[in-house]
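Please read the structure below before turning to the comments.
The values are calculated or read from the model by the stated rules, or taken from the named source; none is laboratory data. Please read these numbers as outputs of a predicted model, since none were measured by experiment. Don't worry about glycine lacking a Cβ; one is built from the backbone with ideal geometry, like all the others, and counts go over all protein chains shown.
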């Protein structure tokens, strides 16, 4: 929702949109990228209070913490196979994807471990907060929802007919949970999680043409949903209430890889990343409801953005992204900070 540090003078260029586009400024000093070395990725989360970005590295059993400038400030060790992270109420929650999967808690300011919230979940994947509870997915035999009380650790697994490991929430809809099932065509669900059990209140139910949707984002006001899908080669906006297309399509090209929305005060933005060619990955920053990008960032270094690997800073001024690139010694992961405003 992500390693060893060495500064990389990577060729990242900010492409200026057409004349007259809003918010366009100089590219100088806008992008910073660090090579995390041979690594892995499990989840990303932003702590807007302490201005930290929390990223998991499952293979090395670590959770890395960066500031908004892209400098590593802490490492949480001995946290294996973390597949999802949530920061809520001054606590960092991490879920471990294993046969005895657990959720551990850490103080968001000091990163001191506060203890284990629950354990015994079967290979949980992903983590979100909605309706006063933590939510993850577990096999059943595809994927179903499990909720965890953030205080008591009481856990409930629900028998739902969905396969989706991808979850999303919005601060504008505190009792709504969205799920994508990664099928072709993809099905997206909206649940009301205000009661004892989640209730499906909307789904795309074969009305959405998206395929291979490996990411999902919801606008901060809770009005719009944008999946990140391999096809079609564009970002299709959905009504959050009905999950029907609303007629707004944001342009992209080739395979879309990741999406993210701002969550704090200010303009409601979303970012989409896609493959532009065999060697380029492009980030587009849009205002919701306006299909013309306000900023375009091109990564012309054969890097691929990781699905579910983007997040905005709390003030929406910076976009954070995880990408990969094959090298002679294996696949390297990179952490980029992109100044939007």
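For the stretch 190-204, give me each residue that is assigned to a strand (DSSP E or B) and crowded, with 23+ Cβ neighbours inside 10 Å. Before the answer, list the steps.
Of the stretch 190-204, the ones assigned to a strand (DSSP E or B) are 190-192, 199-203.
Hits for the stretch 190-204 are 190, 191.
When only residues in the stretch 28-39 that are part of a loop (DSSP other than H, G, I, E, B) and surrounded by fewer than 20 Cβ atoms within 10 Å (Cβ to Cβ) count, which is modelled with the lowest pLDDT? Don't jump to the end; show me each part of the working.
To start, the set of residues in the stretch 28-39 that are part of a loop (DSSP other than H, G, I, E, B) comprises 28-30, 39.
Filter once more, keeping what is surrounded by fewer than 20 Cβ atoms within 10 Å (Cβ to Cβ): 28-30.
Working: 28: 40, 29: 53, 30: 77.
Filtering first and then ranking leaves 28.
Could you list, in sequence order, all residues of the stretch 190-219 that are out of contact with any strand residue (DSSP E or B) (no Cβ under 8 Å at 6 or more places or on another chain) and within 20 Å of residue 171 (Cα to Cα)?
Residue satisfying the conditions is 195 alone.
Hey, among 243, 160, 177, which residue is on the phi > 0 side of the Ramachandran plot and either modelled with pLDDT of 95 or more or more than 20 Å from the chain's Cα centre (by Cα) (or both)? Before the answer, list the steps.
On the way: 160 fails: on the phi > 0 side of the Ramachandran plot; 177 fails: on the phi > 0 side of the Ramachandran plot.
Just a single option satisfies the conditions, and that option is 243.
I'd like the full set of residues that are at pLDDT below 95, within 19 Å of the chain's Cα centre (by Cα) and outside any strand (DSSP E or B), limited to the stretch 205-238.
If the condition is that a residue be at pLDDT below 95, within 19 Å of the chain's Cα centre (by Cα) and outside any strand (DSSP E or B), then 210 is the only one that fits.
Against the definition (crowded, with 21+ Cβ neighbours inside 10 Å, part of a strand (DSSP E or B) and either modelled with pLDDT of 95 or more or at positive phi (or both)), how does residue 259 come out, yes or no? Break it down stepwise before answering.
On the way: crowded, with 21+ Cβ neighbours inside 10 Å: yes; part of a strand (DSSP E or B): yes; either modelled with pLDDT of 95 or more or at positive phi (or both): yes.
Criteria met by residue 259.
For the stretch 303-326, state whether one or more residues are buried (at least 17 other Cβ atoms within 10 Å of the Cβ), outside any strand (DSSP E or B) and at pLDDT below 90.
Yes, the conditions are met somewhere in the stretch 303-326.
Any residue at all in the stretch 148-166 that's within 20 Å of residue 49 (Cβ to Cβ), part of a strand (DSSP E or B) and touching a strand residue (DSSP E or B) at 6+ places or on another chain (Cβ under 7 Å)? Let's see the steps before the verdict.
Of the residues in the stretch 148-166, the ones within 20 Å of residue 49 (Cβ to Cβ) are 150-151.
Still in the list and also part of a strand (DSSP E or B): none.
No, the stretch 148-166 has no match at all.
Test residue 186 against the stated conditions and say whether it is modelled with pLDDT under 95, crowded, with 20+ Cβ neighbours inside 10 Å and in a loop (DSSP other than H, G, I, E, B).
yes
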